[in-house]
Amino acid sequence: MLPKLNPFTKKPYTPQYYKILAQRTTLPVYQRAKELTQNVRDHQVVLFVGETGSGKTTQVPQFISEMELPGVVVCTQPRRIAAMSIAVRVAAEMDVQLGEEVGYRVRFKSMVSDKTKLLYMTDGMLLREAFSDRDLSRISVVVVDEAHERTVETDVLLGVLRLLMQRRQDFRLVVMSATLDMERFQAYFPKAPLIQVEGRMYDVQVLYSTVPVKDYVEACVERVCDIHLNEPPGDILCFLTGEAEIERAVSRTKLKLEHLLADDGNTVSSNGAQLLARVLPLYGSLGVDDQGRVFSNAGKNTRKIIFATNIAETSLTIDGIVYVVDCGYHKQSLYNAEARVDYLLPAVISKASAEQRKGRAGRTRPGKCFRLFQQSDFSSFPNQTHPEVLRSNMINTVLLLLKLDVANPYQFAFIDPPSQQSVMDAYCQLSLFGAVDDDLQLTDFGRLMADFPVDACLARVLMRSAQYGCAADAAVIVAMLETRNVLVRPASRGIEAEQKHVMFRHPDGDHLTLFKVFHAFWRSGQSSQYCFDNFLAYQALQQAVNVYTQLTKLMKKKNICFVSTYDDRSGKLDSVAIRKAVLEGFFTQVAYKPPGGELYKTVRDSQMVALHRHSFPSMSGSPSWIVYDRLEVQGQGGTFIRVASAIEPEWLLEVSDFFNDTSEFGDGEICRILQDLKAGGTTQKG
């Protein structure tokens, strides 16, 4: 007997509910609902392994919400795009309004109400909720999904929740993973029962590359086009490492298919069916509308070709995928403790990730997985993803733990503890920022820094900008840095895009160029047509406006003097004030170019780096001193500076005592320059 009344809304179910319910009951996890809920009643912690296609992400939180527990059921996700899209799906399955009984909360965006019983959140947002409510008193159960990804925030959250369970016997935790490698979690929660549910998988044929691949982006494009031309109908999912690669691949694929096919994308595949290609991107910062296109039905006789990051590996399920193309890499953050420098670089995936990617091709029917690496290479891949906490800069994590009143972050019970050196480096950086005192406790300044849902360096920019009279301008730049990649450069129209972007360039650098882009978009009335005409990313800029709005509210709430140096009519601004504010948060990310040289030398570790080709045109000439946002390693192409602005070396002594101790910089040229500056001498300026 099917239920007629929705227990959440007290209204009759709609016909659509029963249609979706018929699909839900076929999922493997559905048959284990009673076993799961009974274990949740009987145990504080339950470990749950649901393989690809089992339905764990959408169904397990629903089963628990139907237990009628007194508080909210929270399901955490590592990525904001997953939290939002899954909430949309679950609201439809439960036949309720999104933002009412089912909601989501991610950085700078939420849909939630007093009625909300099931809430999807990012791990980081739940940690921030603990700032104001240490015991998470409104929450009965937390379901930590995608725990196998081992992000820093997931690992910290599990440690915080383990401590919470000692204080709250009524609290329940479900740890979910898509892989069978649960030994670390079983050791961390030794009394927790383990439930395993197999996925719903068809056979997937794996085809390896027979030769080494030099340019995996171009190889992906070639393979995708070959599949479209020669394989039977079925959507294609291609894994790449990041937004820039994906946008390049999307443009190249569209261009290549236009050249290959006589009728703008129409072709006759090997089974004689006429197919149209719809080429789409999928990555974390993509707007909601663009995400929706990936999940929507492409229409009759149309094949979707989706280029995605590893967000499509386990977090999101796309129906209709028959072919997977795997480049074998993902973007990985890496902190070099010896040099005290962060990198973002491509790294080989784990064997577990490769299997997850393969599984995306076998959800609805037999499929094929094309691996763009040799089988001998695959044997050398690591078995599991290396925990992020073991390879990351710990500054944000230590700041978070101190804000959560963890007395000694050195002794925090991580699943895999970070090195003592990385924690010490984090304390040193926080000390330079004025966030901790000599006893390694948070200062009032540090507590305020932790309240901003951005990286510590960006929080310092926001808080110190008031002394330069440019807090509103700093909020714009931070919002744009949080968004990234607002300038669109299609492969087929690169020259035209560069010509349009000229009007946004500021002679002092990329930060002020981003500032100009933001205000141009604002003046256009946030017009999508303006973005299309000028090669700007509309969804990204909408997100930047949203971030700016949220930061504005928070800064005013913290009584930060919120003024701007920008005159909208004349376009004039105080470039020096704004760049000094940026330097306040990034003074350890400064580089110097020796006279006559082409490369820059980073001040902190004397590494030779180049300005990225998209940064260089933003600045008049090539300044001797720059502050930069990040370093990026691009395969064999070297290390590049991304988002840079010119500074004067004298400013270094103004913003931080870090530069007063010249012994930090060895006996080289930079040490001599700093000594001259301290002595009141002159040096080469930007």
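A few notes on this one:
- Among Tyr566, Thr588, Gly638 - extreme Cα towards positive end, dipole of the stretch 560-662, charges at beta-carbon: Gly638
- Computed from Cα atoms alone, the Kirkwood hydrodynamic radius reported for the stretch 1-54 is 13.4 Å.
- Net lengthening on full extension, Arg138/Gln467 (0.36 nm per residue, minus Cα-Cα): 114.5 nm
- For a label point 7 Å along the Cα-to-beta-carbon line of His259, residues of the stretch 475-500 with backbone N under 15 Å: 491-494
- Entry note: the stretch 309-366 has Rg to Rh equal to 1.13, where both radii use alpha-carbon atoms and Rh is the Kirkwood radius.
- Given charges at beta-carbon only (K, R positive; D, E negative), |dipole| of the chain in Debye: 1900
- Near the amide H of Ser392, within less than 5 Å, lie the amide hydrogens of Tyr335, all on another chain or at least 5 residues away, with H placed in the peptide plane.
- Proximity of backbone amide H atoms, modeled 1.01 Å from N, is registered between Val325 and Leu237, Cys238, Phe239, Phe370 at under 5 Å, excluding neighbours fewer than 5 places apart on the same chain.
- Selected from Ala426, Ser392, Tyr410, residue furthest toward positive end of dipole (the stretch 312-443; charges at beta carbon): Ser392
- Size of electric dipole in the stretch 316-391: Cβ of Lys, Arg +1 and of Asp, Glu -1, about Cα centre, debye, nearest 20: 340
- Reported to the nearest whole Å, the Cα centre-to-centre distance from the stretch 46-119 to the stretch 286-332 is 21.
- Distant-in-sequence amide H partners of Arg278 (H built 1.01 Å from N, under 5 Å): Arg303, Lys304, Ile305
- Theoretical gain in end-to-end length, Val563 to Thr14 [0.36 nm per residue, Cα-Cα removed]: 192.5 nm
- Full extension of the segment from Gln274 to Lys678, taken as 0.36 nm per residue of separation minus the current Cα-Cα distance, would add 138.2 nm.
- The value obtained for the chain, namely the Cα convex hull volume divided by the number of residues, is 172 Å³ per residue.
- Farthest toward positive dipole pole in the chain [+1 Lys/Arg, -1 Asp/Glu at C-beta], among Leu536, Gly103, Phe171: Gly103
- Relative contact order of the chain, taken over Cα pairs closer than 8 Å and 6 or more residues apart, is 10 percent.
- Too-long pairs where the Cα-Cα distance tops 18 Å, listed order kept, from Lys10/Lys115; Lys115/Lys556; Lys256/Lys304: Lys115/Lys556
- Couplings 3J(HN,Hα) for the stretch 373-383, derived from phi with the Karplus relation 6.51 cos²θ - 1.76 cosθ + 1.60 (θ = phi - 60°), are 8, 7, 4, 5, 5, 4, 5, 8, 5, x, 5 Hz, where x marks Gly and Pro.
- Spacing of the two label points (7 Å from each Cα toward its C-beta) at Leu599 and Ala22, in nm: 6.5
- Pairwise label distance in nanometres, Lys115 with Gln499, each label 7 Å out on the Cα-Cβ vector: 5.4
- For the Cα trace of the stretch 204-388, dividing Rg by the Kirkwood Rh returns an Rg/Rh value of 0.98.
- Note, ³J(HN,Hα) from phi for the stretch 80-94, Karplus 6.51, -1.76, 1.60, rounded to Hz, x at Gly and Pro: 5, 4, 5, 4, 5, 5, 5, 4, 4, 5, 5, 4, 5, 5, 8
- The stretch 1-120 shape via C-alpha gyration tensor axes, a/c threshold 1.5: rounded
- Rounded to the nearest 20, the Cβ-based charge dipole of the stretch 393-451 about its Cα centre (Lys and Arg +1, Asp and Glu -1) stands at 140 debye.
- Taking 18 Å as the cut-off, the amide N atoms of the stretch 517-535 that come nearer than this to a point 7 Å along the Cα-to-beta-carbon line of Ser492 belong to 532-535.
- Coil-residue chymotrypsin sites (Phe, Trp or Tyr not before Pro) of the stretch 106-212, DSSP, other Cβ within 10 Å capped at 15: Tyr202
- Checked against a 27 Å cut-off, the cross-linked pairs Lys34/Lys368; Lys109/Lys191; Lys109/Lys500; Lys19/Lys117; Lys109/Lys516 give Cα-Cα distances beyond that limit for Lys34/Lys368; Lys109/Lys191; Lys109/Lys500.
- Put simply, when 45-58, 567-580, 364-377 are sorted by average Cβ atoms within 10 angstrom per residue, most first, you get 45-58, 364-377, 567-580.
- Computed [θ] at 222 nm, helices only, for the chain once each DSSP H run of length n ≥ 4 contributes -39500 (n - 2.57): -11500 deg cm²/dmol
- Phi-derived couplings, Karplus 6.51 cos²θ - 1.76 cosθ + 1.60 at θ = phi - 60°, listed residue by residue for the stretch 558-565: 8, 6, 7, 4, 9, 10, 10, 9 Hz, with x used for Gly and Pro.
A short reminder: the numbers here are calculations on the coordinates, not readings from a lab. The structure presented is a predicted model; accordingly, all values stated were derived computationally and were not measured. When we count neighbours, we look across all protein chains shown, and the Cβ atoms used for this are built from the backbone with ideal geometry, even at glycine.
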